[in-house]
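**Student:** Quick one: this structure, given as structure tokens, is what I'll be asking you about.
The values are calculated or read from the model by the stated rules, or taken from the named source; none is laboratory data. Since we're looking at a predicted model, the values are computed, not measured. Every residue, glycine among them, receives a Cβ derived from its backbone with ideal geometry; neighbour counts consider all protein chains shown. When the accessible area is computed, the model is the full protein with side chains, heavy atoms only, and any ligands, DNA or RNA have been set aside. Shrake-Rupley method; radii C 1.70, N 1.55, O 1.52, S 1.80 Å.
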Amino acid sequence: MRAAGRFLKGHWQLLCLTLAVAALWQTPALLPLRILTVYLHELSHAAATLLTGGDVLRLTIDPREGGMVISRGGSRFLGLSAGYTGSLLIGSALFVIALRTDWDRKVLALFGAITLAVAVFYVRNLFALGFTLVTGALMLAASRYLSLKINDMILRVIGISSMIYAPLDIWDDTIARPYLRSDARMMAEEFGGGTMLWGGLWLAISLGVIWFTLRHGLGRTSNIPLRSPIRFLR
């Protein structure tokens, strides 16, 4: 009981934030956040392609929360695997950075700059172009004009959303509905093993990453101080 009490006291803000995101996840209020997680998924496909020597021809996202990367070359295995796992790793990294460092402004600015670069070089459809340009600009503005605490909260929300999205989407796309044309379905067609096998493997990896992130990232407390400390001048 004491351990549970200490945990609640040290992390009550994070628990409330997680419950709020989970409760509102399917509502219109969080549609932009859900589309952002789709963007992270497609960004991970694109990054894996580029890092393995391929070319990204086009990155697409749509208001129905769909997305696609058209690429040429690179590692097909890593490119297909990177969608769910890569977006989760990005979210986990943002979450830990928010909790354990004061790099929030710099990281959000970098994220915004990357998003604007993606818009310029790889996005061709109108909705995705508008979304990435606006999102990138808002991230840069937040990093420049908003407080460190608000930047910290933005990274936490993105990180938590990615950690919620990845396992749920893996389950829905590859295990609950294995007939969909998902990344796991394409992995099965090209490398064998079955859609549910790849989905189950990615689900296990995602749960392991989330456990590791929470186990080693939380620390004694994750609460953001609500008041600035009082300083006395002499």
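**Student:** Of all residues in region 70-80, count the ones that are in a helix (DSSP H, G or I), free of Cβ contacts under 8 Å to residues at least 40 places away in the same chain and open to solvent by less than 40 Å² (accessible area, probe 1.4 Å).
**Tutor:** From region 70-80, those in a helix (DSSP H, G or I) are 76-80; that's our starting set.
With the extra rule that they be free of Cβ contacts under 8 Å to residues at least 40 places away in the same chain, the set shrinks to 78-79.
Next, only the ones that are open to solvent by less than 40 Å² (accessible area, probe 1.4 Å) stay: 79.
Number satisfying all stated conditions: 1.
**Student:** Right, another one. Could you please give the count of residues in region 40-93 that are more than 23 Å from LEU30 (Cβ to Cβ) and in contact with a Phe, Trp or Tyr (Cβ under 6 Å, 6 or more places away or on another chain)?
**Tutor:** The total comes to 1.
**Student:** Going through region 82-109 one residue at a time, which ones are of a type in the set (S, T, N, Q) and out of contact with any helix residue (DSSP H, G or I) (no Cβ under 7 Å at 6 or more places or on another chain)?
**Tutor:** Initial filter on region 82-109 (of a type in the set (S, T, N, Q)): 85, 87, 92, 101.
Correct list: THR101 only.
**Student:** Right, something else. Restricting attention to helices (runs of 4 or more DSSP H) lying wholly within region 115-209, give those where 2 or more residues are open to solvent by 50 Å² or more (accessible area, probe 1.4 Å) and farther than 30 Å from CYS16 by Cα. Break it down stepwise before answering.
**Tutor:** On the way: elements: 126-145, 148-170, 183-191.
It comes to 126-145, 183-191.
**Student:** Any residue in region 62-69 that is basic (Lys, Arg), in contact (Cβ under 8 Å) with a residue 12 or more places away in the chain and either part of a strand (DSSP E or B) or under 27 Å from LEU126 (Cβ atoms) (or both)? Before you say what the answer is, go through the steps one by one.
**Tutor:** In the first step, residues of region 62-69 are kept if they are basic (Lys, Arg); the result is 64.
Cutting the leftovers down to in contact (Cβ under 8 Å) with a residue 12 or more places away in the chain gives us none.
For region 62-69, residues basic (Lys, Arg), in contact (Cβ under 8 Å) with a residue 12 or more places away in the chain and either part of a strand (DSSP E or B) or under 27 Å from LEU126 (Cβ atoms) (or both): absent.
**Student:** Where residues in region 1-55 are of a type in the set (S, T, N, Q), free of Cβ contacts under 8 Å to residues at least 60 places away in the same chain and part of a helix (DSSP H, G or I), which of them is surrounded by the fewest Cβ atoms within 10 Å (Cβ to Cβ)?
**Tutor:** Of all residues in region 1-55, those of a type in the set (S, T, N, Q) come to 13, 18, 26-27, 37, 44, 49, 52.
With the extra rule that they be free of Cβ contacts under 8 Å to residues at least 60 places away in the same chain, the set shrinks to 26-27, 44, 49, 52.
Remaining after also requiring part of a helix (DSSP H, G or I): 44, 49.
Working: SER44: 22, THR49: 25.
Out of the qualifying residues, it is SER44.
**Student:** Could you check how many residues of region 97-110 are open to solvent by 20 Å² or more (accessible area, probe 1.4 Å), assigned to a helix (DSSP H, G or I) and touching a residue at least 12 places away in the same chain (Cβ under 8 Å)? Explain how you work it out, then say what you get.
**Tutor:** At the first step, the residues of region 97-110 found to be open to solvent by 20 Å² or more (accessible area, probe 1.4 Å) are 97, 99-103, 105-107, 109-110.
Imposing the further condition that a residue be assigned to a helix (DSSP H, G or I) reduces the set to 97, 99-100, 105-107, 109-110.
With the extra rule that they be touching a residue at least 12 places away in the same chain (Cβ under 8 Å), the set shrinks to 97, 99-100, 105-107, 109.
So the count comes out to 7.
**Student:** For region 85-96, check the following and say yes or no: at least one residue is within 18 Å of MET186 (Cα to Cα), touching a residue at least 60 places away in the same chain (Cβ under 8 Å) and either open to solvent by 20 Å² or more (accessible area, probe 1.4 Å) or acidic (Asp, Glu) (or both).
**Tutor:** Yes.
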